[in-house]
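A.B. asks: Please find one structure pasted underneath; my questions will follow.
The values are calculated or read from the model by the stated rules, or taken from the named source; none is laboratory data. What you see is a predicted model; the values in this text were computed from it and never measured. Because the Cβ atoms are built from the backbone with ideal geometry, glycine has one as well, and the counts that use them run over all protein chains shown. For the accessible areas, the whole protein counts, side chains as well, though only heavy atoms, and no ligand, DNA or RNA atoms are used. Shrake-Rupley method; radii C 1.70, N 1.55, O 1.52, S 1.80 Å.
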Amino acid sequence: DARRYAELVAKNFVSSDKYEQFRANFESLRATAEADRAAVERARLQVEYCFIRSPMAGRTGRLLVDEGSQIKANDDKGGMVDISQITPIYVAFAVPQQNLPAIKLHMGKGELKVAAEIPESGLSPEEGTLSFLDNKVNSQTGTVLLKGSFPNTGRHLWPGQFVTVTLTLATRQDAVVIPSMAVQVGQEGRFVYVVRADMTVESR
């Protein structure tokens, strides 16, 4: 009506007082509609306060509070429930600081593979990638913290579980390898005993 009367008043078919009445009515109704929208948003916000939502998807542990308990933010009860992320999952491990230069060198060349094996499980190692290198060396242990990210779709890896981690820096083709237990440490460094063709032994 306000739009229609605006055209009529422009042609002097109706009085400007009549048009102003319709325009004021229009503005009043529009303000009421805006107030109603604000009321709906406020009600929606109030409903959100009725729920406590987890900031991440994961698996819950035991409940830390019982039904009917009163809790508040930053409560000393330690929260309502522990939630651990399972997929993906991160495995933390430390390496000696002597290995840090080689790790940084190969990280600059591309993504590094990490394998996590669950001891005595009979399962194949889980495959992941190196996702974190700490920004400092632990001065007490002389090690640096790293983390590997694993999809863990089979959910074999579990929070707090002990695993054996293998970080692969590079793959060498046609390399001569020996069991790690064969390597000995002497005054001049590491060496191995080698059996020669004449059945005598020498150290190398």
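A.B. asks: Pick out, from Pro151, Phe162, Phe191, the residue whose Cα sits farthest towards the positive end of the charge dipole of the chain, with +1 on the Cβ of Lys and Arg and -1 on the Cβ of Asp and Glu.
C.D. replies: Towards the positive end, the residue furthest out is Pro151.
A.B. asks: Order the peptides 90-98, 176-184 from the highest to the lowest mean number of other Cβ atoms within 10 Å of their residues.
C.D. replies: Values: 90-98: 14.1, 176-184: 7.8.
By packing density, highest mean first, the sequence is 90-98, 176-184.
A.B. asks: Once the piece of chain linking Met181 and Glu7 is laid out straight, how much longer is it, given 0.36 nm per residue of separation minus the C-alpha distance between them? Could you put the intermediate results ahead of the total?
C.D. replies: Values: separation 174, 0.36 × 174 = 62.64 nm, distance 9.67 nm.
Extra length from Met181 to Glu7 when fully extended: 53.0 nm.
A.B. asks: From the backbone phi of segment 8-16, what are the Karplus-calculated ³J(HN,Hα) couplings (6.51 cos²θ - 1.76 cosθ + 1.60, θ = phi - 60°) in whole Hz, Gly and Pro given as x?
C.D. replies: Result, rounded to whole Hz: 6, 5, 5, 9, 6, 8, 9, 6, 5.
A.B. asks: Please report Rg (one decimal) and Dmax (integer) in Å for the Cα set of segment 142-197.
C.D. replies: 17.9, 52
A.B. asks: Quick one: compute the contact order of segment 1-151, relative version, from alpha carbon pairs under 8 angstrom and 6+ residues apart, as a percent. Present the calculation step by step, with values, prior to reporting the outcome.
C.D. replies: Numbers: 146 pairs, mean separation 26.5, N = 151.
Reported as a whole number, the value is 18 percent.
A.B. asks: Let me ask you something else. What is the spin-label model distance, in nm, from Arg62 to Thr200 if the labels are put 7 Å beyond Cα along the C-beta direction?
C.D. replies: 6.8 nm
A.B. asks: For the chain, set up a Gaussian network in which alpha carbons nearer than 10 Å are linked by springs, and say which option among Ser149, Ser84, Ser16 fluctuates the most.
C.D. replies: Ser16
A.B. asks: With charges set only on the Cβ (+1 for Lys and Arg, -1 for Asp and Glu), what does the dipole of the chain come to about its Cα centre, in debye to the nearest 20? List each step's numbers first, then the result.
C.D. replies: Details: 24 positive and 24 negative charges, 94 e Å.
That gives a dipole near 460 debye.
A.B. asks: Please report, to two decimal places, log10 I(q)/I(0) for the chain at q = 0.09, 0.11, 0.13 Å⁻¹ as given by the Debye formula with identical point scatterers on the Cα atoms and no solvent.
C.D. replies: Listed by q, the Debye log ratios stand at -0.69, -0.83, -1.00.
A.B. asks: Of Asp75, Asp174, Asp17, which is the most mobile in a GNM of the chain whose springs link Cα atoms less than 10 angstrom apart?
C.D. replies: Maximum fluctuation in the GNM of the chain, among the listed residues, is at Asp17.
A.B. asks: Rolling a 1.4 angstrom probe over the protein heavy atoms, how many square angstrom per residue are accessible across the chain? Mind showing how you got there, number by number?
C.D. replies: Working: 16550 Å² over 204 residues.
Heavy-atom SASA per residue in the chain reads 81 Å².
A.B. asks: I'd like to compare 61-67, 142-148: which one has the highest average count of other Cβ atoms within 10 Å, and what's the full order after that? Write out the running numbers ahead of the final one.
C.D. replies: Working: 61-67: 9.6, 142-148: 18.3.
Put in order of decreasing packing, that is 142-148, 61-67.
A.B. asks: Counting only protein heavy atoms, what percent of the accessible surface of the chain is carbon or sulfur at a 1.4 Å probe?
C.D. replies: Working: 8510 of 16550 Å².
C and S fraction of accessible area: 51 percent.
A.B. asks: Does segment 96-174 classify as rounded, prolate or oblate by the C-alpha gyration tensor (a ≥ b ≥ c root eigenvalues; a/c under 1.5 gives rounded; else a/b over b/c gives prolate, otherwise oblate)? List each step's numbers first, then the result.
C.D. replies: Numbers: a/c = 1.92, a/b = 1.34, b/c = 1.43.
Oblate is the answer for segment 96-174, as a/c is 1.5 or above yet b/c matches or exceeds a/b.
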